[in-house]
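None of the figures in this text is laboratory data; all of them are computed from the coordinates on show. The shown structure was predicted, so the numbers you read here are calculated from the model rather than taken from an experiment. Cβ placement follows ideal geometry from the backbone for every residue including glycine, while neighbour counts extend to all protein chains displayed.
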Amino acid sequence: MIPRDIYMKTLLSFKDKDMVKIVTGIRRCGKSTLLDMFSDNLLKSGVPSENIIRLNFESLKYEAINDYRALYKEVSGRMGKIGKYYVILDEVQMVSGWMRAVNSLRVDFDVDIYITGSNAYLLSSDFATLLSGRYVEIKMLPLSFREFLDFNTFEPGTSDDRKFEVYLKYGGMPSVASYDFRQRDINVALDGIYSSVILRDVVERSKINDQALLRKLVLFMADNIGNLTSPNSIGNVLVHEGDLCEGKRKKNPAGKTISSYITALEKAYVFYGAGRYDIKGKQYLKTQSKYYMVDTGIRNMLLGYRDVDRGYILENVIYFELLRRGYDVSIGKAGEKEIDFIAISPEEKVYYQVTETMNSERIRERELDPLRSINDNYEKVILSMDKSFVNSYEGIKIKNIVDFLLEKWE
């Protein structure tokens, strides 16, 4: 098992703290493996194996544990009266009312509790109320480019740029590394992951009735990553382009229906939405957002491997890299100009533009102009695939995307 250091360090920093640790993220992004490694760490630190209680609710072994009472009985029955216990529950959202059992275990025993979940409904208002702030969410994503290099083996002499092209094509789901870049096998594996997520974390969890509409919506959103959109505009486009003519559909889908389906996809961590922030007005805007797909490999599996919209794919990669680095990320609006990303952390704010190249004067001005219009002293950066000795224009930093992704920042 190859460690995911940024997540393991976070887990270890909260070890033995009176907080429930919740690892969330799309299915198969590595949550269970992370907790496997955490269990190994506990054993190496001297924790007896019988003091580590691990239940994975994807296994039929625990099928009978379907409500909070059964969960509490199972876990508490494994505990003795002496020593601290470490309770690890995988995909616990499959247990009805699980939060009541977790809260009671925390109150009744000397325990340190770790949970994984593949749907954001896990963090419901009921759960938040029960724990009243006594939990921490660790948001796990597919592999970063740096992690991708650790997981995969390349021919000697392969350039970082070539490795990055492979990353863009196959994405960062950890299981991809098992197939030695065999496209057909990777497609089968990614299709299996996607189908499982859609069926179990979207259709079943959110009780989706119109699966044809959901399928068209996913394809549309995958094809339009990085474009400003809204639920109403998506429905109008799908009908106008004839994508919803099949079956007995008589009218456009309601904006409310599209919105609920998008929410379900976000809750399952398939798409992430970035709202718009008016820099001059200093307020978030309610109209239109941009959506990014959690993994470029899944996107390519759905839409086919193609080189169009490359700029948006690069933007997609940078969006998730900024999330990994702990930023809150939104889209910037400065008058009539758009800034790709405003990345904010407790320590800093950075404005980013992402483009494939700045080699032409027209493109260079297009990317520089929005950043010039911002009248503050926060860092401003343009990321591109260019390799140039020029590292700034008028105080605006210029960085190569591959170099940026390989930076050590933890």
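Structure summary
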item	result
Charge dipole magnitude, Cβ of K and R +1, D and E -1 - the chain, Cα centre, debye nearest 20	1060 debye
Charge tally in the Cβ shell below 15 Å around residue 276, where Lys, Arg are +1 and Asp, Glu are -1, residue 276 excluded	0
For the stretch 125-258: rounded, prolate or oblate by the Cα gyration tensor [a/c cutoff 1.5]	oblate
Top of 58, 336, 315 by mean-square fluctuation, Gaussian network on the chain, Cα under 10 Å	336
Spacing of the two label points (7 Å from each Cα toward its C-beta) at residue 188 and residue 240, in nm	4.1 nm
Estimated 222 nm signal from helices in the chain, with DSSP H stretches of n ≥ 4 weighted -39500 (n - 2.57), rounded to 500	-11500 deg cm²/dmol
0 to 90° range, to nearest 10: angle between helix 231-240 axis and the chain longest Cα axis	70 degrees
Normalised convex hull volume, the stretch 5-139, alpha-carbon set, Å³ per residue	102 Å³
Normalised contact order of the stretch 143-410, rounded percent, pairs of Cα under 8 Å and 6 or more residues apart	16 percent
Kirkwood hydrodynamic radius (C-alpha pairs) into Stokes-Einstein, the stretch 281-371, 4 °C and 1.567 mPa s, D in µm²/s	88 µm²/s
Net charge over other residues, Cβ less than 11 angstrom from the Cβ of residue 149 (K, R count +1; D, E count -1)	-1
Antiparallel DSSP beta bridges within the stretch 328-399, percent to nearest 5	60 percent
Degrees separating the helix 183-196 axis from the principal Cα axis of the chain, which is the longest one	60 degrees
The stretch 1-67, dipole about Cα centre (Lys/Arg Cβ +1, Asp/Glu Cβ -1), debye to the nearest 20	300 debye
Beta bridges per DSSP with both ends in the chain, % antiparallel, nearest 5	40 percent
Sites matching chymotrypsin sites (Phe, Trp or Tyr not before Pro) across the stretch 288-368 that sit in DSSP coil, with at most 13 neighbouring C-beta atoms within 10 Å	305
Dipole-positive endmost among 272, 345, 124 within the chain (Cβ charges, Cα centre)	124
Net length gained if the chain between residue 109 and residue 81 were fully extended (0.36 nm per residue, minus Cα distance)	9.2 nm
Residue (of 187, 20, 93) at the positive-pole extreme of the chain, dipole from beta-carbon charges	93
Cβ-defined net charge surrounding residue 26, 10 Å radius [Lys, Arg +1; Asp, Glu -1]	+1
Dipole of the chain, positive end: most advanced residue of 312, 384, 60 [Cβ charges, Cα centre]	60
Tilt relative to the chain, helix 211-223 - C-alpha long axis, 0 to 90 degrees, to 10	50 degrees
Length-normalised contact order for the stretch 5-139 - Cα pairs under 8 Å, 6+ apart - percent	38 percent
Dipole in debye (nearest 20) - the stretch 5-139, about Cα centre, beta carbon charges: Lys, Arg +1; Asp, Glu -1	140 debye
